[in-house]
Amino acid sequence: MTDRILVFYGSYRSDRMGIRLADFVVAGLRARGAYVELIDARAIDLPMLDRMYKEHPKGAAPAALEDLAQKIIAADGFVFVTGEYNWGIQPGLKNLTDHFLEEWFWRPAAIASYSAGRFAGTRAALAWHGTLSEMGMVVTSSSLAVGQIGHSLDTDGKPTGEGGKALERAFPRFADDLLWWAEAAKVQRAKRKPPY
């Protein structure tokens, strides 16, 4: 059975560099046989959080919110591709994730971070780790961190230079970790209903 993985990307900037990493992750997971869909926060364009999905009367949530909720519920795992804004997480991606809660439960999440600088978004990745755990996901220990993203991936998300070579070396472990946990969680959910 094919794993269903959602890759979330959250930059709203006009000159987005992180989309290169999102495209790289999508292509890499598809090459491993997973069904993968990119969820672009800018394209979905949810309003600033007023009401969570669960706070809307059944059948009354806005169409974009309902559609995304069903995709999250059906997924086996998630990848969060995040840039680092002033040592923190991107507001667009955080706003998107905060519209949901129980929909995330009992599935793994992996974090891929990036920046134009040398720290590769690692401070944002660290912040996301606690946030995703609080939202009911198991966060994998393997992560991707891409510094100087403009020199590590080309506009089509293909690795370039030394940074690209490092990314290619790191990706198999990242993907294996996520897909192992996705399979383990899927088997456990089929065997026994989650406790809450």
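Derivation of every value follows stated rules applied to the coordinates shown; laboratory data play no part. What you are looking at is a predicted structure, and each value in this text was computed from that prediction instead of being measured. Counting neighbours? That spans all protein chains shown, and the Cβs are built from the backbone with ideal geometry, glycine included.
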Check: Exactly which trypsin sites (Lys or Arg not before Pro) in region 41-109 are in a DSSP loop and have at most 13 other Cβ atoms within 10 Å?
Finding: Arg51, Lys58
Notebook entry, point to check: Extent of the chain along each principal axis, from alpha carbon coordinates, in Å, largest to smallest?
Noted result: 50, 36, 26
Next item on the list: Round to a whole angstrom and tell me the spacing of the C-alpha centers of region 135-170 and region 51-95.
Entry: 23
Item checked: Residue-averaged [θ]222 nm for the chain, counting only DSSP H segments that reach four residues, each worth -39500 (n - 2.57) -> -13500 deg cm²/dmol
Next item on the list: Could you tell me the distance between the Cα centroids of region 1-49 and region 171-196, to the nearest Å?
Entry: 20
Next item on the list: Please build a GNM for the chain, connecting alpha carbons under 10 Å apart, and tell me which residue among Met137, Met17, Met48 fluctuates the most.
Entry: Met48
Checklist line | Percentage relative contact order, the chain, counting C-alpha pairs under 8 Å, at least six apart | finding: 23
Next item on the list: Highest first, please rank the peptides 159-167, 139-147 by the mean number of other Cβ atoms sitting within 10 Å of their residues.
Entry: 139-147, 159-167
Check: By DSSP, what percent of the beta bridges with both residues in the chain are antiparallel, rounded to the nearest 5?
Finding: 10
Item checked: Contour excess over end-to-end distance, with Cα ends at Trp106 and Thr2 and 0.36 nm allotted per residue -> 35.7 nm
Next item on the list: Give, rounded to the nearest 20 debye, the magnitude of the charge dipole that the chain has about its Cα centre when Lys and Arg contribute +1 at Cβ and Asp and Glu contribute -1 at Cβ.
Entry: 440
